[in-house]
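Here the structure comes first, spelled out in structure tokens, and everything after it is commentary.
Read-outs throughout are calculated quantities, based only on the coordinates presented, and are distinct from any laboratory measurement. Since the model is a prediction, treat every value here as computed from it, not as a measurement. Positions of Cβ are backbone-derived with ideal geometry, glycine not excepted, and every protein chain shown enters the neighbour counts.
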Amino acid sequence: MSLFGHAEFFRTVYRPQELPPDRGAEVAFAGRSNAGKSSALNALLNRQRLARVSKRPGRTQAINFFNLGGARYLVDLPGYGYAAVPQAQREHWGELVSVYLMSRACLRGLVLICDVRRSLGPLDHQLLEWLAPTGKPIHVLLTKTDKLARAPGAAALEHATQTLRIYPGVTVQLFSSVTQSGLPAARKVIAGWLQ
Ligand code: GDP
């Protein structure tokens with residue numbers, strides 16, 4: 001917990017050229033809009049609204065950095081998959097996120113947030129394909145598991161594990177920001193990457 005107990009909002013970045021110096025250690029969070037990424041970040045950081053606070057309208061296509069102390073950061077990538085988003089904004093998302101994922105040396109791993117009740121979408125796969133050549137690990141949180149009974153939750157975990165086999169270095173777990181189920185396991189993976 002101590003690593004996650006003192007997080008502070010650090011910076012918002014709209015364009016690749018605004019990225020802070022590529023130093024220290026970062027773990028990035030990605031996911032379809034409404035999958036539960038802000039809630040997962042707040043649960044991990046034991047805060048009510050840290051991730052949401054910096055998420056004002058107009059910032060949705062931005063990357064938000066949270067400092068954990070000692071040059072370690074959690075990085076909130078813009079959500080995706082909203083059908084109503086104009087094409088220009090989609091292209092901006094693609095440029096910002098692909099440049100970040102493919103070129104960031106201090107990126108230690110990616111946490112992909114997926115609603116446990118939905119299967120992975122094309123943009124989830126796109127992210128995994130951008131990161132795969134770097135060989136960096138990916139940890140998938142199948143979140144909102146409190147909305148499912150145990151058996152369908154286990155089935156969703158099995159299905160995701162099979163689907164993600166094509167990407168080396170991917171691990172998957174069940175998670176709930178509401179019940180905090182899976183929280184210690186998720187913190188352990190992230191802390192291991194940031195060490
Ligand atoms: P984001 O767009 O990915 O950042 O998603 P949010 O964190 O804003 O969550 C989207 C909606 O899902 C909100 O109404 C949350 O309250 C809800 N939500 C997020 N995580 C969970 C969870 O683990 N369980 C339940 N039941 N609802 C959740």
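What the table below lists for this structure:
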item	result
Total lysine pairs under 24 Å (Cα atoms) in segment 8-194, excluding pairs fewer than 8 apart on one chain	9
Segment 1-43: chymotrypsin sites (Phe, Trp or Tyr not before Pro) falling in loop per DSSP and having at most 14 other Cβ within 10 Å	Tyr14
Stokes-Einstein translational diffusion, segment 8-194 - Kirkwood Rh over all Cα pairs, 1.002 mPa s, 20 °C, in µm²/s	130 µm²/s
Ordering of 75-87, 140-152 by packing [mean C-beta count within 10 Å, highest first]	140-152, 75-87
